[in-house]
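What follows is calculated from the coordinates using simple rules that are stated; it is not laboratory data. All figures in this text were calculated on a predicted structure; none of them were measured in a lab. Cβ atoms come from the backbone with ideal geometry, glycine included; neighbour counts cover every protein chain shown.
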Amino acid sequence: MTIKVGDKIPPVALKAVTAEGVKDVKADELFAGKKAVLFALPGAFTPTCSAQHLPGYLTQADALKKKGIDLIACLSVNDAFVMGAWAKDKGVGDKVVMLADGNGDFTRAVGLELDGSRFGMGQRSQRYALVAEDGVVKHLAVEEPGKFEASKAETILGKL
């Protein structure tokens, strides 16, 4: 069952890549007490994800914060080492928390998995973005396959 507006962020373990290193976090605790944007994508270093999705949130980070966003998080079904390398490559710094969902547990819990097997990618996350307040989903934008509009930083900024 796919997560929807009004649902709570599930209590799933993730790895957060931070300046201090990789930390274990529970998703529900990470989003508790915050107004947050979570955007998820099929994979680090993949074309649209690297050229547009993550860079858009880096560019719009200050504008999102001005609209009351306390936390911007990027999630992918990659391991923490890949997410760390991608963060370094893209100069993420402290603008976006990079979340590794290495086993896809969070992705399955929210019902937004994507079978990328025909591309040699295995099980991944669909491309989406959500806005949550105190761990409750207030807006959810799931992309149609092959599209990139609903989950862009500029689109989410317009929804705040």
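For Cα pairs less than 8 Å apart in space and 6+ apart in sequence, what is the mean separation divided by the residue count of the chain, i.e. the relative contact order in percent?
31 percent.
Rounded to whole Hz and in sequence order, give me ³J(HN,Hα) for segment 28-38 from the Karplus expression 6.51 cos²θ - 1.76 cosθ + 1.60, θ = phi - 60°, writing x for Gly and Pro.
4, 6, 4, 8, 4, x, 10, 9, 9, 10, 10
Neighbour counts of other C-beta atoms within 10 Å: give me Asp101, Asp62, Asp79, Asp134 arranged from fewest to most.
Ascending number of Cβ neighbours within 10 Å: Asp62, Asp134, Asp79, Asp101.
Label 7 Å along Cα→Cβ of Arg108; segment 124-154 residues with amide nitrogen under 12 Å?
Residues 124 fall inside that zone.
Using helices alone, what [θ] at 222 nm do you get for the chain, with -39,500 (n - 2.57) per DSSP H run of 4 or more residues, divided over all residues and rounded to the nearest 500?
Computed ellipticity for the chain at 222 nm equals -7000 deg cm²/dmol.
What residues have an amide H closer than 5 Å to that of Gln123, excluding those fewer than 5 places away on the same chain, when H is modeled at 1.01 Å from N in the peptide plane?
The answer is Gly116.
For the chain, modelled as a Gaussian network with Cα springs under 10 Å, which listed residue fluctuates most, Thr46, Thr18, Thr107?
Answer for the Gaussian network model of the chain: Thr46.
Give me the extension gain from Glu154 to Val136: residue separation times 0.36 nm, minus the current Cα-Cα distance, reported in nm with one decimal.
Full-extension gain reported as 4.3 nm.
Test of understanding: ordering Arg124, Arg108, Arg118 by Cβ neighbours within 10 Å, fewest first, what list do you get?
Fewest-to-most ranking of Arg124, Arg108, Arg118: Arg118, Arg108, Arg124.
Using Cβ contacts closer than 10 Å as the measure, can you line up His139, His53 from fewest to most?
His139, His53
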